[in-house]
Amino acid sequence: MAKSTNALQWMKTAFGLLGLGLLIFVLAAITSLSAELSARLIPIFILPIILSIGLLSRNSVPLTDKFKGRWLVLLVIILILWPTYFMAKIGGLPTIDPRKFMAGGGIAVLIFILISRSDLAKTWKEYPTKTKLLAWTIGILTLLRIAAAITSTQAPMASLIMVMWEVVYYYSMFYVALFIFNTPRQQELFRVTLISLGIIEGFYAAFERVSTINFFMKIAPRIPENADFFAGEAISRWRDGAFRAQGTFAHPLLLSEFGAFLACLSASMIFFSKRALSRYIGLLGLFSGCLCVYVSGSRTGFLATGAGVGIIGIAWICSLQREAASRRLMFVLLASAAIVVSIPAVTLLSSGKTVSERHSSAARQIMVQRGLPSIVQHPVLGTGPGTAPSIAGILGGNNVLTLDSYLLAIGIDSGVPVLILFVFAYLGTAWISINNALSHPDLNHTTIYGCSAALISLFIFRIILATPDNMSLAFLTIGILATTFPKKAAT
């Protein structure tokens, strides 16, 4: 019996390798027509090699916590502290930067262990239904984005390449967290590492605001792929005569987005951590997060920070109740009341106080008016990823089309189903996590409430910001939260 099982396994491996070889041949035949396209699809050619190695080295040895911890810390360091505009270009190859290596490396490790480690199948089976639902949600979201690219009305190949890099940079982060960073130790390490790096980021951004000097911008390599970025950089960093810091991020709004995220994680430490030292670190992190928001000059940053920290405050009040049903009911009532009370302030902030702020708000309204007809005409798969700016964008000061809402962008270029799945990935994850924490007093409330509120703050920015750089952090957070879901429903 054992011999027949081994023979069957080898037959599967042989046919698998044959299929991979055929895939490589087909891809090579297609891309031989374009050397540049071949260079851009290098990651696809590498994947079969990883699959082959995984098939030939099957064993049941799990990854060590030390390896997982080091990988997580290095990944977060690259996502937060490495400037996205720091990249190199060699010939027709794609631009090279550590973010690509870390994200691509994460996919490679994930695929390798999925094939070579039998314990991951057990991990998947043990996950609750809600975790699996999220995994399917993001998987279907990815497939629909690919379908939208293939059926693009303007440039299918350019859209497909764009989506493939989205898979590498953003969507893959969920699955990396789900299968690699899936223990309480990694959840805690994720939060602590982010807050520690955020404190560094906050003080660097404050120095930049005071000195109006960003050393990273001065030494960043100038390559054609960065031309539009550097053309608009000088414009985006000044508003109404005030300098707007951006830290290690590509835009002041991205710094503000991270600042709101940091403030939420830190506030959760203040409210729910039992150790005095952790609360002091939380205070420093909250100060740094608010500092990032302030020096970036972002109105939305204040709104997102207030919303996230407010949710944590409400959760803390509800945690004083003994009954789970009472905690959930009180949370819904207090959150609803907070939304109603904050409407005047939100209206005032969104309308803008200065001339440039009012112009910015008016421009976003024009973008929505231009984009909605396209969504109505192409509701299923949209017009193709990357096409939204040409439909609803407005020429900025650097004569480049800009679109200020990621939600509007994916609604236009990928259709309503993708928009719904994207919203659910953010808000659905946050609500499920908060509900779990309200129902289960034994869960890690510091991590769950902090990450849930931080995710909501990131979603608020998706309404007014199309630049997706921080989505890596968002999908990593979604994955971390998905691993905290209890295996049994609340009773």
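Using only the C-alpha atoms, the convex hull of region 404-491 corresponds to 88 Å³ per residue.
Here the label points at LEU133 and PHE203, each 7 Å from Cα along the C-beta direction, are separated by 4.4 nm in the simple model. Of the solvent-accessible surface of region 164-220, computed with a 1.4 Å probe over protein heavy atoms with every protein chain present, carbon and sulfur atoms account for 74 percent.
Solvent-accessible surface of region 253-374, taken per residue with a 1.4 Å probe and all protein chains present: 50 Å². Taking a threshold of 22 Å on the Cα-Cα distance, which of the pairs LYS132/LYS487; LYS125/LYS487; LYS125/LYS274; LYS68/LYS100 fall above it? Where the Cα-Cα span goes over 22 Å, the pairs concerned are LYS125/LYS274.
Each eigenvalue of the Cα gyration tensor of region 278-352, multiplied by 5 and square-rooted, gives one semi-axis; in descending order these are 26, 20, 5 Å.
Taking the square roots of five times each eigenvalue of the Cα gyration tensor of region 441-491, the equivalent ellipsoid has semi-axes of 26, 11, 9 Å, listed largest first. Simple spin-label estimate for THR183 and ALA362 gives 5.8 nm between the two label positions (7 Å along the Cα-to-Cβ direction from each Cα).
A 1.4 Å probe run over the protein chains yields, for region 407-491, 26 Å² of accessible area per residue, whole-number rounding.
Please give the net charge around GLY382, taking every other residue with its beta carbon less than 13 angstrom from that of GLY382, where Lys and Arg add +1 and Asp and Glu add -1. Before the final figure, lay out each step's value.
On the way: positive: ARG145; negative: ASP413.
Overall, the nearby charge balance is 0.
The values are calculated or read from the model by the stated rules, or taken from the named source; none is laboratory data. Given the structure is predicted, the values throughout are model-derived calculations rather than measurements. FYI the Cβ positions are ideal-geometry reconstructions off the backbone, even for glycines, and counts take in every protein chain you see. Heads up: the accessible areas ignore ligands, DNA and RNA and are worked out on the full protein's heavy atoms, side chains in. Shrake-Rupley method; radii C 1.70, N 1.55, O 1.52, S 1.80 Å.
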